[in-house]
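Data block below; observations after.
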Amino acid sequence: MANLNIDSVKERTFDAIIIGSGISGGWAAKEFTGKGLKTLVLERGRDVKHLKDYPTTNLYPWEFPHHGVVPDAIQKANPVVNRCYAFGEDAMHFFVKDAEHPYVQEKPFDWIRGYQTGGKSLLWARQTQRWSNFDFEGPARDGFAVDWPIRYEDIAPWYSYVEKFAGISGNRDGLAELPDGEFLPPFPLNAVETYFSNHLKKNYKNRHVISARCAHLSKPNQIHLDQGRGQCQERTLCQRGCPFGGYFSSNSSTIPWALKTGLCTLRPHSVVESIIYDDKKGKATGVRVIDANTKEAIEYYAPVIFVNAAALNSNLILLNSKSQRFPNGLGNDSGTLGKYIAFHNYSAHMNAEYDGAKEWTTDGRNPAGGGYIPRFRNVYKQETNFLRGYAAGLYAYRGHKQSSDGIGQELKDNLARKELGGWSVGSHMMGETIPKESNFVTLDNSLKDPWGIPQLRISVDYDDNDEKMKKDYIEQMTEMFTSAGFTNIQTFTDHRAPGLDIHEMGGVRMGKDPKTSMLDKWHRLHSCPNVYVTDGASMTSTSCQNPSLTYMAFTARAVDHAVSELKKGNV
Amino acid sequence: MPSCLHDDKGNAVVKLNNLTIDAEQEKIVNSLTETILPKTDTPGAAELGINLFVFKMIDDCAGKEQQADFITGLNKFADEAKQKMGKPFVDGTDKQRVAFVSSVEKLGKDKNYKDDGKLMAFYQMVKGQTVFGYTTSKYFMTKQVVYELVPGRYNAMYPASKATV
């Protein structure tokens, strides 16, 4: 450690340190600075500034060297990230390449990462649904994991709080299993999505197709304009970064908001090696950072530390934070750290055709992606041979009768045909998985990453419950498609590794009992309560909703608690 | 040694990183792309630079195995063309080239066809990239089927009768 003089320590001391600038870290930054605290945000990747650092955002397809296709050498060098649907020539600069941050796959795991200011919030699919008590009560009712220490009532006001600022489009659908929020106008269902929605309403109990709720400014309010964001322009090129700020990202919203206060220091290229625990003081006092470029070690200090490094990296940091008091990782008295990792099962989808609604088509593009079918299995009671359930995407589209048949003028005519074709319908499953002790991450004993930090070993897999659920999705959707008169129904199952859903969760789970969990109901480590974990690592169970909105609400709520504890002098 | 591609005056204009193509082979692919996508009252492959795009895509985006098939199939294509046309593909009349390429196109629809010489693999790579390059070209996306970078709207219920792109 260089420069241990008093001034230097003072310069490196803050009211709060946040590890990570992604979707939850950005919220922590906004909340702490909004409450007047001097805040340090540590980002392991480079800085990506809204607008300025979106190099591809306004390019037309022909302006890319390969018109959007990733060159073979890059694909071959990156088998993991290349499997991500958003890894194209237009956005590949926002993804971590396989060799840049090695990890050990005890079982195949596609770890998709974005190391830059904003993290994966630049790249996410922007789907935002609240949890309900059917989700929070799940583990207790069905006897897995541990009981959540919170309920919907604890988090509902915080959902409202973050929704208003982030801007969430959606309908007030009045469904108990998917509570309504503070919505901007929805992106409506099209003719065939509406037809299918009505079909389910008529023929099934508790099965619905609703407009997908998403973090897009369908009609901005003043609070969004104040962020410098404008109305979504339906480009559906979100993964490039949006020049309008039409969707929510840390880059377009929370980070610049925090920086505007003058209280936020954002330090990119800062890989957190560990959290410093002072055995004498009996609390965490700061973090140890490796500068990604110089490899220099630097320490920063604060009375409260938020861990928002993204689920698995938050696990890694805690596992690597060893002290006399915590030889097995910070706060790990229970021995559960790194365990009970879960994810979402996306391994089935289907296509079909619909020979109806010929008088309708769509015009423009739908940033919400279409419809959403909330979980309908095992909601009110256990009714299948598997636990929990799945949500599903549901989308219909109608293209032109383009074809690439023939050569010469015939080919040209076929490619430019403007006559409308029939409707296609698609769906994909989003299944809850059950957290288990046998799905875990640990530190490798000898392998290090380029910053001298032990590599993460990932051992996560599907189980029999996932297989049964997948089978049920295919059966139920096939039946619903068939009864709706959809034809040429094709079902697809794939053998994708966990991780490709990019919804990995857990390892630092919340719970009531310090003997069986890591975090209390405020997201504090039970045994080191000035450290909070509010990203995906904190999840006790996964439900099947897209998780980001819940991380945002968790974070705002936890910061509110942390600041009140600071004010009371409890930290 | 990877090769360079040439303009119509014989100047090297595009450097390839992986493919080794001689002048004769280059001419065959250029001629084939122009046969697939000829200049009519609208631009053809050469005018739009599609032939260069095809080479770039095979060179950068195809795997080693596909690249090997491309070369093998190109030679097979040249042999077959010569046999059928009685002269090298590039020396044929438009009519002869169209007839030969049409026969290949037709063969591609025959499920029993065995592509031992990789002729079809070659042809489909060239055709696929020609179509992809054309339909994502500035010309096509501004003059034929217009691509909007900023639609600024989503009409979920839009009368089919009004649909013109």
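Values quoted throughout were computed directly from the atomic coordinates according to the rules given, and no laboratory measurement underlies them. None of the values given here were measured: they were computed from a predicted structure. All Cβ positions, glycine included, derive from the backbone under ideal geometry; neighbour counts span all protein chains shown.
By the beta-carbon count within 10 Å of each Cβ, the least crowded to most crowded order of A:Asp7, A:Asp291, B:Asp7, A:Asp472, fewest first, is A:Asp7, B:Asp7, A:Asp291, A:Asp472. Taking other C-beta atoms within 10 Å as the exposure proxy, A:Cys528, B:Cys61, A:Cys242 rank B:Cys61, A:Cys528, A:Cys242 from fewest upward.
Oblate is the label for segment A:18-117, because the ratio a/c of its alpha-carbon gyration tensor axes (a ≥ b ≥ c) is 1.5 or higher and a/b is not greater than b/c. Amide H contacts of A:Leu443: A:Arg457, each under 5 Å away and 5 or more positions distant or on a separate chain (H built 1.01 Å from N in the peptide plane; Pro and chain starts excluded). For segment B:28-119, a/c is not less than 1.5, where a ≥ b ≥ c are the root eigenvalues of the C-alpha gyration tensor, and a/b does not top b/c. That puts it in the oblate class. In the protein assembly as shown, the DSSP beta bridges split such that about 75 percent are antiparallel, to the nearest 5.
Listed values for segment A:191-205 are Karplus-derived 3J(HN,Hα) couplings in whole Hz (6.51 cos²θ - 1.76 cosθ + 1.60, θ = phi - 60°), namely 4, 7, 4, 5, 4, 5, 4, 5, 4, 5, 4, 6, 10, 9, 8, and x replaces Gly and Pro.
In percent, rounded to a whole number, the relative contact order of chain A is 21, using alpha-carbon pairs under 8 Å and six or more apart.
Of the trypsin sites (Lys or Arg not before Pro) in segment B:1-82, the ones in a loop by DSSP (not H, G, I, E or B) with at most 14 other beta carbons within 10 Å are B:Lys9, B:Lys39. Averaging the sequence gap over all C-alpha pairs within less than 8 Å and six or more residues apart, then dividing by the number of residues, gives segment A:118-174 a relative contact order of 25 percent. When only Cα pairs below 8 angstrom with a gap of at least 6 residues are kept, segment A:61-119 shows a relative contact order of 32 percent. Farthest toward the positive end of the dipole of the protein assembly as shown, out of A:Leu259, A:Ile458, A:Val80, is the Cα of A:Leu259, where the dipole comes from beta carbon charges about the Cα centre. The rule of thumb for compact globular proteins, 2.2 N^0.38 Å, goes into the C-alpha radius of gyration of chain A 0.97 times. Along its first, second and third principal axes, ordered by size, segment A:43-84 spans 31, 30, 15 Å in Cα coordinates.
Distance cut-off 25 Å, Cα to Cα: go down the list A:Lys412/B:Lys64; A:Lys49/A:Lys260; B:Lys82/B:Lys106; A:Lys202/A:Lys381; B:Lys109/B:Lys162; A:Lys280/A:Lys339 and report the pairs above it. Beyond 25 Å between Cα atoms: A:Lys412/B:Lys64; B:Lys109/B:Lys162; A:Lys280/A:Lys339.
A cut-off of 5 Å between modelled amide H atoms, ignoring neighbours fewer than 5 places along the same chain, links A:Thr540 with A:Met510. Label segment A:358-497 by shape, choosing from rounded, prolate and oblate, from the square roots a ≥ b ≥ c of the eigenvalues of the Cα gyration tensor; if a/c is under 1.5 it is rounded, and otherwise prolate applies when a/b is larger than b/c, oblate when it is not. The shape class here is oblate. The sum of -39500 (n - 2.57) across all DSSP H runs of n ≥ 4, divided by the residue count of chain A, sets its helix-only mean residue ellipticity at 222 nm to -6500 deg cm²/dmol. Just flag the trypsin sites (Lys or Arg not before Pro) in segment B:99-165 sitting in loop per DSSP whose Cβ has no more than 10 other Cβ atoms within 10 Å. Those satisfying the criteria are B:Lys109, B:Lys111, B:Lys114. Translational diffusion of segment A:78-188 was estimated from the Stokes-Einstein equation, with Rh taken as the Kirkwood radius over Cα pairs; at 20 °C and 1.002 mPa s the coefficient is 124 µm²/s.
Close amide-amide hydrogen proximity is noted between A:Gly286 and A:Ile276, A:Ala302, each under 5 Å apart and 5 or more residues distant or on a separate chain (H modeled in the peptide plane; Pro and chain starts excluded). Put in order of Cβ neighbour count within 10 Å, fewest first, the listed residues A:Ser314, A:Ser250, B:Ser3 become B:Ser3, A:Ser314, A:Ser250. Among the GluC sites (Glu not before Pro) within segment A:337-394, those in coil by DSSP and having at most 14 neighbouring Cβ atoms inside 10 Å are A:Glu359, A:Glu383. Residues of chain A were split at every exposed loop site, defined as trypsin sites (Lys or Arg not before Pro) in a DSSP loop with at most 12 other C-beta atoms within 10 angstrom, and the longest piece left, sites excluded, is A:53-171. Phi angles of segment B:145-153 translate, via the Karplus equation with coefficients 6.51, -1.76, 1.60 and θ = phi - 60°, into HN-Hα couplings of 10, 6, 9, 9, 5, 10, x, x, 6 Hz per residue; Gly and Pro are given as x. As a ratio to 2.2 N^0.38 Å, the alpha-carbon radius of gyration for segment A:247-298 is 1.50.
If you take the Cα centroid of segment A:45-123 and the Cα centroid of segment A:460-518, the two points sit 25 Å apart. Segment B:1-79 and segment B:119-165 have Cα centres lying 23 Å from one another.
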